[in-house]
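Read through the structure below, which is laid out as structure tokens, and then see the notes.
What follows is calculated from the coordinates using simple rules that are stated; it is not laboratory data. Since the structure is predicted, the reported quantities are computational estimates derived from the model, not experimental observations. Counting neighbours? That spans all protein chains shown, and the Cβs are built from the backbone with ideal geometry, glycine included.
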Amino acid sequence: MTYVVTDNCINCKYTDCVMVCPVNCFHEGPNFLVIDPDECVDCEACVQECPAGAILHEDALPLEMKNFKELNAELARGWPKITRNKPELPDAYRWVNMDNKLELLIR
Ligand code: F3S
């Protein structure tokens, strides 16, 4: 089982999640973070930390977000690990409440 970062993270990237992960399973892209499902230990610590509410358990993903589980796995294979938090993206406050941001993902 794994937790999954969904599109609420895109263009926000607050990175609060990174600081509480006991196994450093987050990987960083230009405007999105993902969780490596092979490393996630299902602890749930990151869920409460995300100001964007972007992290869901795979079993709680709504139908239209099921594809994010595979997207996290795919991108985690190519993106570097992030183990420390950093400032959010400059316009995070503008994007945090917007839905359906997948088309804005930068790979
Ligand atoms: Fe993204 Fe939330 Fe982490 S916005 S970087 S999943 S704290």
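Evaluating Ile106 against the criteria (1) exposed (fewer than 11 other Cβ atoms within 10 Å of the Cβ); (2) of a type in the set (A, V, I, L, M, F, W, C); (3) in contact with a Ser or Thr (Cβ under 7 Å, 6 or more places away or on another chain) leaves one unmet condition, (3). For segment 42-54, the criterion of being under 18 Å from Leu102 (Cα atoms) and among the β-branched types (Val, Ile, Thr) is satisfied by no residue at all. Among the numbered conditions (1) closer than 25 Å to Glu103 by Cα; (2) assigned to a helix (DSSP H, G or I); (3) more than 9 Å from the ligand (Cβ to nearest atom), the only one that His27 does not meet is (2).
Matching residues to (1) surrounded by 13 or more Cβ atoms within 10 Å (Cβ to Cβ); (2) near the ligand (Cβ under 9 Å from one of its atoms):
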residue	(1), (2)
Asn31	yes, no
Asp36	yes, no
Cys40	yes, no
Cys50	yes, yes
Asp59	no, no
Leu71	yes, no
Pro90	no, no
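On the stretch given as segment 4-20, residues that are more than 7 Å from the ligand (Cβ to nearest atom), part of a helix (DSSP H, G or I) and more than 14 Å from Ile106 (Cα to Cα) total 2. Put simply, of Gly53, Gly78 the only residue that is on the phi > 0 side of the Ramachandran plot and not β-branched (Val, Ile, Thr) is Gly53. For segment 39-96, which residues satisfy the criterion of being aliphatic (A, V, I, L, M), in contact with a Pro (Cβ under 8 Å, 6 or more places away or on another chain) and within 16 Å of Tyr3 (Cα to Cα)? Scanning segment 39-96 gives Val41, Ala45, Ala73, Ala76.
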